[in-house]
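These notes concern the structure reproduced below.
Read-outs throughout are calculated quantities, based only on the coordinates presented, and are distinct from any laboratory measurement. Since we're looking at a predicted model, the values are computed, not measured. Using ideal geometry, Cβ is built from the backbone for each residue, glycine included, and neighbour counts are taken over all protein chains shown.
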Amino acid sequence: MPAAAKPSFAFRLGRSLGHVAKFCLHDRNPKTRWVKRVVFVGPLLFLVISNITGILSTILTAVCLVAGIYALSKIDSDKIDFFAEDASDEDDHDESHRAPFYGEYGHPNYHMYYDD
């Protein structure tokens, strides 16, 4: 049984797209050829322009993800102390750096936040 006796879907699709391209791009009359090209390219441009935000957002998302993964791969985690801030908070019991609660008149910055 020859291979062309039962063509596949991809074969049929490629053949039909080839016929469409040949029809649109080749003609003996140059004016007709350019009219066919405009009629063929016009809807393609409309589809691309109407979906440009989706296309750009997809590209930017992919670029950001790749850049983030690249940046994370370049970090030397042995030199980073992830809990350094927590360790310094345990030793520091002075709470004057926080904003005062309402009615906490003894706080040094109370009158900066409240006008009683």
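Annotations for the structure displayed:
- The alpha carbon gyration tensor of the stretch 8-74 gives principal lengths a ≥ b ≥ c with a/c of 1.5 or higher and a/b greater than b/c, which makes the shape prolate.
- Lys/Arg +1, Asp/Glu -1 at C-beta; the stretch 8-74 dipole; positive extreme among F23, L65, P43: F23
- The label point for S50 and the one for D115, both projected 7 Å from the Cα toward the Cβ, are 5.8 nm apart.
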